[in-house]
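Peer 1: Here it is: the structure, laid out below.
The values are calculated or read from the model by the stated rules, or taken from the named source; none is laboratory data. Owing to the predicted nature of the structure, the values given are computational and were not obtained by experimental measurement. Backbone-built Cβ (ideal geometry, glycine too); neighbour counts: all protein chains shown.
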Amino acid sequence: MNPVLIHIGMPKAASSSLQLGLLTACPLWAYVGSFSEQDPEGIRRNISKWERRACVALNYLITAEEIQYRKQDAANRRLFGRDAPQKLPLVISEEQITASHYFTSDTPYVDRGLIACRLKEILPNANILLIIRNQLTLLPSLFGQMQRHGSTTCRSFSQWVNMQLMREKEGIASALAIADYHGIYQRYVELFGNEKVTVVLFEDYIKGEVEMFRKVIAPLQLDWSEVKPFVRFDVFRNPRVTQIELKLLNIYKNYRNIGSLVPRSVRQWCLQASRRFAPVNDNMEEEKIASLAAYYKEGNTALMEKTGILLAGHGYPLLKNIGHRLG
């Protein structure tokens with residue numbers, strides 16, 4: 001069977017950069033996932049009938065409740081089994097695999113642990129790629145996207161963090177769990193095996209170093225010299241949301257009939273101008289930073305011990321006695 005690589009996230013951790021800069025640009029593998037019909041320049045790609053069916057099946061795998069999903073179980077096994085391209089490796093990339101129901105409040109994603117089990121059922125020998133990012137920089141970026149999508153009513157990042165911490169104290173699932181990297185890693189190791197799960201740091205990936213790209217595609221067993229010509233080393237960054245942008249979006253939502261009369265190019269120009277000149281609303285008090293660090297440091301330390309990746313140099317929350325424990 002040809003090699004299979006599944007990039008499971010994280011969201012806001014160079015996913016668009018990887019998908020547009022490498023995965024959709026290279027014809028040496030069959031690709032299923034985000035931007036599957038778009039090349040790095042935003043031009044529509046011609047994809048095969050199988051790839052189109054596989055994208056629909058992947059979305060169903062992530063969103064469908066268990067009873068509905070089981071009705072398509074046999075079809076999915078055939079699709080990713082005997083019907084899959086036989087001469088090409090398969091690459092799947094979708095950050096919603098790990099974002100699950102934490103990402104937006106109005107999206108019916110199922111539990112990510114269940115998604116992992118579904119992936120194991122249809123692709124039991126897959127290699128797993130997880131790109132992680134320091135939670136203290138990932139969460140502000142995630143909050144900005146939630147604001148842009150209208151899935152949070154909080155006006156500031158500090159207010160949003162406070163709400164999530166209150167939910168944790170009350171024993172209610174919060175969005176903070178999205179960045180429980182150790183929990184995600186442990187789950188996929190249990191299902192696929194330690195040698196099948198690769199963890200890459202966002203902070204290293206965005207440097208655009210060749211060795212990092214080679215590490216990403218290593219499970220596909222391809223000659224790097226054949227892949228390199230298709231790689232885009234420039235990094236794709238999603239701009240942070242600003243207060244002016246939020247006001248413009250609210251005006252458009254409230255007066256959609258009038259707003260639709262404004263050309264799309266003009267609306268896009270206004271949003272870009274607001275991002276350039278307006279301050280980003282992601283300030284957070286030291287107290288909140290300490291609370292977030294306390295929430296993540298034990299899991300990050302456990303992940304560092306099991307994988308050997310160096311988190312300390314990038315400011316990840318860690319237990320203070322990590323040096324003694326590793327020594």
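Peer 1: Among the residues of the stretch 215-229, write down those that are free of Cβ contacts under 8 Å to residues at least 60 places away in the same chain and either exposed (fewer than 15 other Cβ atoms within 10 Å of the Cβ) or more than 15 Å from ILE6 (Cβ to Cβ) (or both).
Peer 2: Let us first name the residues in the stretch 215-229 that are free of Cβ contacts under 8 Å to residues at least 60 places away in the same chain, namely 215, 218, 223-225, 228-229.
Scanning the stretch 215-229 gives LYS215, ASP223, TRP224, SER225, LYS228, PRO229.
Peer 1: Sticking with this structure for a sec: Within the stretch 22-33, how many residues are more than 15 Å from the chain's Cα centre (by Cα) and in contact (Cβ under 8 Å) with a residue 60 or more places away in the chain?
Peer 2: Taking the stretch 22-33 and keeping what is more than 15 Å from the chain's Cα centre (by Cα), we get 22, 24-31.
Checking the rest, the ones that are also in contact (Cβ under 8 Å) with a residue 60 or more places away in the chain come to 22, 25-31.
Selection size over the stretch 22-33: 8.
Peer 1: Give all pairs with beta carbons closer than 8 Å in which a residue from the stretch 306-320 that is of a type in the set (A, V, I, L, M, F, W, C) meets a residue that is modelled with pLDDT of 90 or more and loosely packed, with under 15 Cβ neighbours inside 10 Å; count only pairs at least 6 apart in sequence or on separate chains.
Peer 2: LEU319/GLU298
Listed here are the residues, each with its yes/no results for (1) touching a residue at least 60 places away in the same chain (Cβ under 8 Å); (2) surrounded by 13 or more Cβ atoms within 10 Å (Cβ to Cβ); (3) touching an Asp or Glu at 6+ places or on another chain (Cβ under 6 Å).
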site: MET163; (1), (2), (3): no, yes, no
site: ARG167; (1), (2), (3): no, yes, no
site: ALA177; (1), (2), (3): yes, yes, no
site: LEU191; (1), (2), (3): yes, yes, no
site: LYS196; (1), (2), (3): yes, yes, no
site: VAL210; (1), (2), (3): no, no, no
site: VAL231; (1), (2), (3): yes, yes, no
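Peer 1: Can you tell me which residues in the stretch 124-141 are buried (at least 23 other Cβ atoms within 10 Å of the Cβ) and either part of a helix (DSSP H, G or I) or acidic (Asp, Glu) (or both)?
Peer 2: GLN135, LEU139
Peer 1: Still on this structure, I have one more. Within the stretch 296-306, is there a residue that is modelled with pLDDT of 90 or more and under 17 Å from PHE157 (Cα atoms)?
Peer 2: No, every residue in the stretch 296-306 fails to be modelled with pLDDT of 90 or more and under 17 Å from PHE157 (Cα atoms).
Peer 1: Which residue is nearest to ASN2 (Cα to Cα), if the candidates are limited to the stretch 45-80 and must be touching a Leu at 6+ places or on another chain (Cβ under 9 Å) and not aliphatic (A, V, I, L, M)? Before you say what the answer is, go through the steps one by one.
Peer 2: Of the residues in the stretch 45-80, the ones touching a Leu at 6+ places or on another chain (Cβ under 9 Å) are 50, 53-54, 57, 61, 66, 69, 72, 76, 80.
If we keep only those that are not aliphatic (A, V, I, L, M) as well, we get 50, 53, 66, 69, 72, 76, 80.
Values: TRP50: 16, ARG53: 19, GLU66: 28, TYR69: 26, GLN72: 23, ASN76: 17, PHE80: 11 Å.
Among them, the one singled out is PHE80.
Peer 1: Would you kindly identify the helices (runs of 4 or more DSSP H) lying entirely within the stretch 157-226 that contain at least 2 residues that are over 15 Å from the mean Cα position of the chain (by Cα) and farther than 21 Å from ARG133 by Cα? Give the steps one after another, and end with the answer.
Peer 2: Working: elements: 157-169, 181-192, 202-205, 210-217.
Correct list: 157-169, 181-192.
Peer 1: Next up: Do you know which residues across the stretch 55-103 are closer than 20 Å to GLN145 by Cα, in contact with a strand residue (DSSP E or B) (Cβ under 9 Å, 6 or more places away or on another chain) and either hydroxyl-bearing (Ser, Thr, Tyr) or surrounded by fewer than 18 Cβ atoms within 10 Å (Cβ to Cβ) (or both)?
Peer 2: SER93, THR98
Peer 1: Considering only residues of the stretch 24-75 that are among the small types (Gly, Ala, Ser) and not in a helix (DSSP H, G or I), which is modelled with the lowest pLDDT? Let's see the steps before the verdict.
Peer 2: Applying the first criterion (among the small types (Gly, Ala, Ser)) to the stretch 24-75 yields 25, 30, 33-34, 36, 42, 48, 54, 57, 64, 74-75.
Next cut, not in a helix (DSSP H, G or I) only: 25, 30, 33-34, 36, 42, 48, 64.
Numbers: ALA25: 79, ALA30: 90, GLY33: 90, SER34: 86, SER36: 77, GLY42: 54, SER48: 80, ALA64: 83.
Taking the candidates together, the pick is GLY42.
Peer 1: Within the stretch 106-136, how many residues turn out to be farther than 13 Å from LEU191 by Cα and modelled with pLDDT of 90 or more?
Peer 2: Result for the stretch 106-136: 8.
Peer 1: Residue pairs, Cβ under 8 Å, 6 or more apart or interchain, first in the stretch 10-21 and part of a helix (DSSP H, G or I), second of a type in the set (S, T, N, Q). List them.
Peer 2: Taking only residues 6 or more apart or on different chains, the pairs are SER15/SER34; SER15/SER93; SER16/SER34; SER16/ASN238; LEU18/SER93; GLN19/SER34; GLN19/SER93; LEU20/GLN38.
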